[in-house]
Amino acid sequence: MLNMLLAFENLQPMNWEVIKPALNFLWQGLLAIFVVIGLIILCVKVTSFAIAKSAEIKKRREEEKNAQSPDDNS
């Protein structure tokens, strides 16, 4: 524990030589987070679209099947 404290003794609040690499990691991490969130949103939208489209096709097939079959209720 003492070794860690001694290793960071040269850190100062506004040492730009330390802050520059940290900011580089920061923007890369934030960009990665937003890209992943965007991909998740895109996957959900595509899945929702595909499910809605398949439900529409299934409904149309059932309507065509019912229109072609003779009515037993008459």
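The values are calculated or read from the model by the stated rules, or taken from the named source; none is laboratory data. All values reported here derive from a predicted model rather than from experimental measurement. Every residue, glycine as well, gets a Cβ built from its backbone with ideal geometry; the counts of neighbours run over all protein chains shown.
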Response to the item:
residue 66 fails exactly one of (1) surrounded by 10 or more Cβ atoms within 10 Å (Cβ to Cβ); (2) modelled with pLDDT of 90 or more, namely (1)
Discussion item. Condition first: modelled with pLDDT of 80 or more and surrounded by 10 or more Cβ atoms within 10 Å (Cβ to Cβ). Now tell me which residues in the range 1-19 satisfy that.
Written reply: 19
